[in-house]
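S.K.: Quick one: the structure is below, questions incoming.
Bear in mind these aren't lab numbers, they're just calculated from the coordinates by the rules spelled out. Not measured: the values here are computed from a predicted model. Glycine also receives a Cβ, built like all others from the backbone with ideal geometry; neighbour counts cover every protein chain displayed.
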Amino acid sequence: MLTKEEMHEFEKDLLARKEQILKNLEHSHQKITMMQNQDPKDEGDFAALATETDIDSRIIEQQRKELNEIEIALGKIKNGTYGICEMCEEPIGKERLIVKNYARYCIGCREINERENQS
């Protein structure tokens, strides 16, 4: 079980990461808007612009997923279920939370979940 101090540290880290992602998303949206306003001169410019926009869109999608996971973790901190596995309801190891502070499953259940999702 996590101490109040540890819980506070995880919350602080989650909030800092949330703020960083929001800044990244804003910057990416501005960059995409700027790229969309460009007038490609030839097919090479158009291809480069399309590739860069696609990459930025994928990064935005990944950051939004992470932001969603962070929001879930922050909600769990508020309702007192942070650090508890959603499958087995056992505590998630502190070491795992240090590596992935928005983890929803312990290591064993994560592996089971990933195998089931691959099927």
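S.K.: What does the charge count near GLU5 come to, summing +1 for each Lys or Arg and -1 for each Asp or Glu among other residues with Cβ under 11 Å from its Cβ? Before the final figure, lay out each step's value.
M.R.: Numbers: positive: LYS4, LYS12; negative: GLU6, GLU9, GLU11.
Spelling it out: positives minus negatives among the neighbours equals -1.
S.K.: Ignoring solvent entirely, what values of log10 I(q)/I(0) come out of the Debye formula for segment 1-70 at 0.13, 0.22 Å⁻¹ when each Cα is a single scatterer?
M.R.: -0.51, -0.92
S.K.: Placing one identical point scatterer on every Cα of segment 58-97 and ignoring solvent, what is log10 I(q)/I(0) from the Debye formula at q = 0.18, 0.19 Å⁻¹?
M.R.: -0.58, -0.63
S.K.: If amide H atoms are built 1.01 Å from N in the plane of the peptide, which residues on other chains or at least 5 residues away come under 5 Å of the amide H of ILE84?
M.R.: ILE92
S.K.: Give me the dipole magnitude in Debye, nearest 20, for the chain about the Cα centre, with unit charges on the beta carbon: positive for Lys and Arg, negative for Asp and Glu.
M.R.: Dipole of the chain, to the nearest 20 debye: 460 debye.
S.K.: Can you run phi through the Karplus equation (6.51, -1.76, 1.60; θ = phi - 60°) for segment 47-56 and list ³J(HN,Hα) in whole Hz, with x for Gly and Pro?
M.R.: 5, 4, 5, 5, 5, 5, 5, 4, 4, 4
S.K.: Let me ask something else. Among LEU74, ALA16, ALA48, which residue has its Cα furthest toward the positive end of the charge dipole of segment 1-80, with +1 on Lys/Arg Cβ and -1 on Asp/Glu Cβ?
M.R.: The residue sitting farthest along the positive end of the dipole is LEU74.
S.K.: In segment 5-119, if the dipole is taken from +1 on Lys/Arg beta carbons and -1 on Asp/Glu beta carbons about the Cα centre, which of GLY83, GLN63, ILE107 is farthest to the positive end?
M.R.: Sorting the options by dipole projection puts first GLY83.
S.K.: Which entry in [x] 19.0, 60; [y] 15.6, 52; [z] 12.7, 34 is this structure's computed Rg and Dmax of the Cα atoms in Å?
M.R.: Label [x] holds the value from this structure.
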